[in-house]
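Colleague: For reference, the structure I am asking about is given below.
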Amino acid sequence: MTPVLRCENLRKSFRGNLVLDDLSLDVAEHEVVALIGASGSGKSTLLRCVNLLEQIDDGLIHLDGEHITDPRVDPDRVRRKIGIVFQAYNLFPHMTVLDNITLAPTRVHRRVRAEAREQAMSWLARVGLADKAGEYPDRLSGGQQQRVAIVRALVNSPRLLLLDEVTSALDPELVGEVLTMIRELKGEGMTMVLATHEMGFARQVADRIVFLDGGRVLEQGPPEEVFGAPRQPRTQQFLRRIV
Ligand code: ADP
Ligand code: MG
């Protein structure tokens, strides 16, 4: 079966600093992959390259078998099929929750506004935030804001959801509600790649753990293998430090 995402031999440097070093990674449909690794190992850069927010220097990225790093490809069209959520400050402060969510569908999709709002409301209801539709972001908790940001990434019905440390900026008591939402999305079959420091969560939700070290995939496997019996000394060292 064609993987949803195929990254082949990616290379990316910032001013001579090699950040992705011959990195290859496939993600199958409905698979949840957790990227772990020290700060600076390339997790965010990989996600940004997949969403075409950064340009790779070498290699190929395929989405559903389409070569999306072909220079002739329209990046906006590709981004509609990929949802991405960052660590924090995702929402526009001067817009209501509902407007934040429908901005993309109405502008980019040129879909009927009513239809976009209907879909947004149905998503908000599913995550228990229907009563917040008319609120401004600063009236919501950090956890609620982040759930709204995830809803916004979902309204285009993406093929792939990229989550970059989406709980890192949250107070500890708010992390759970966001993780619960991600777990529910997994239950619905959403294909996801998430960069995370939450090893306990990665262990629970991910089908595969990918350990990045210096922009390379140093080790990968099912959570019980990578966490339970890491093979590489650097993985062992990283997990000893973080757990
Ligand atoms: P991680 O998400 O694993 O912490 P990043 O992908 O953010 O790692 O960063 C990997 C390396 O790339 C770091 O050394 C970082 O400083 C560098 N880097 C990331 N983005 C840029 C950029 N826009 N310009 C210059 N260097 C960058
Ligand atoms: Mg990062």
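Colleague: Separation between the Ser157 and Leu18 pseudo-spin-labels, each 7 Å from Cα along Cα→Cβ, expressed in nm?
Modeller: 4.3
Colleague: In region 110-214, what trypsin sites (Lys or Arg not before Pro) fall in a loop by DSSP, with at most 14 other Cβ atoms inside 10 Å?
Modeller: Here the sparse-neighbourhood loop sites are Arg110.
Colleague: What ranking, highest mean first, results for peptides 31-37, 96-102, 15-21 when packing means the other Cβ atoms within 10 Å averaged over each residue?
Modeller: For the peptides 31-37, 96-102, 15-21, the packing ranking is 31-37, 96-102, 15-21.
Colleague: Please list, in order, the residues from region 17-48 whose amide nitrogen is less than 11 Å from a point placed 7 Å along the Cα→Cβ vector of Asp207.
Modeller: 27-33
Colleague: May I pose another question? Classify region 1-93: rounded, prolate or oblate, from the alpha-carbon gyration tensor (a ≥ b ≥ c, eigenvalue square roots; a/c under 1.5 rounded; otherwise prolate if a/b is larger than b/c)?
Modeller: In terms of gyration-tensor shape, rounded.
Colleague: In 5 Å bins starting at 0, how do the alpha-carbon pair distances of region 11-62 split up by percent?
Modeller: Calculated P(r), rounded to whole percents: 4, 18, 31, 26, 15, 4, 1, 0.
Colleague: Quote to one decimal, in nm, the extra length available between Arg113 and Ser39 on full extension: 0.36 nm per residue of separation minus the C-alpha distance between them.
Modeller: 22.6 nm
Colleague: Let me ask something additional. Figure the gain on full extension for Ile242 and Thr2 (residue separation times 0.36 nm, minus the Cα-Cα span) and round it to one decimal in nm.
Modeller: Additional length available on full extension: 82.9 nm.
Colleague: Along each of its three principal axes, how wide is the spread of alpha-carbon positions in region 131-219, in whole angstrom units, largest first?
Modeller: Here the spans come out as 46, 29, 22 Å, largest first.
Colleague: With a point put 7 Å past each Cα toward its Cβ, work out how far Ser122 is from Asp74 in nm, to one decimal.
Modeller: For the pair Ser122/Asp74, the computed spacing is 2.5 nm.
Colleague: Could you give the nm distance between label points at His67 and Ser141, where each point is 7 Å from its Cα heading toward the beta carbon?
Modeller: 4.9
Colleague: Shifting gears a bit: Cα-based count: Lys pairs in the chain below 25 Å, eight or more positions apart or different chains?
Modeller: Working: Lys12/Lys43; Lys12/Lys81; Lys43/Lys81; Lys43/Lys186; Lys81/Lys186; Lys132/Lys186.
Count of close lysine pairs: 6.
Colleague: Now a separate question. Can you give the calculated 222 nm mean residue ellipticity of the chain, where each DSSP H run of n ≥ 4 adds -39,500 (n - 2.57) and the sum is split over every residue, rounded to the nearest 500 deg cm²/dmol?
Modeller: That calculation yields -11000 deg cm²/dmol at 222 nm.
Colleague: Can you give me the convex hull volume of the Cα atoms of the chain, divided per residue and expressed in Å³?
Modeller: Spelled out: Cα convex hull of the chain, divided by residues, is 132 Å³.
Where a number appears in this text, it was derived from the coordinates with a stated rule and is not lab data. Just so you know, these numbers come straight off a predicted model, no measurement behind them. A quick note on method: Cβ atoms are made from the backbone with ideal geometry, for glycine too, and the neighbour counts reach across all protein chains shown.
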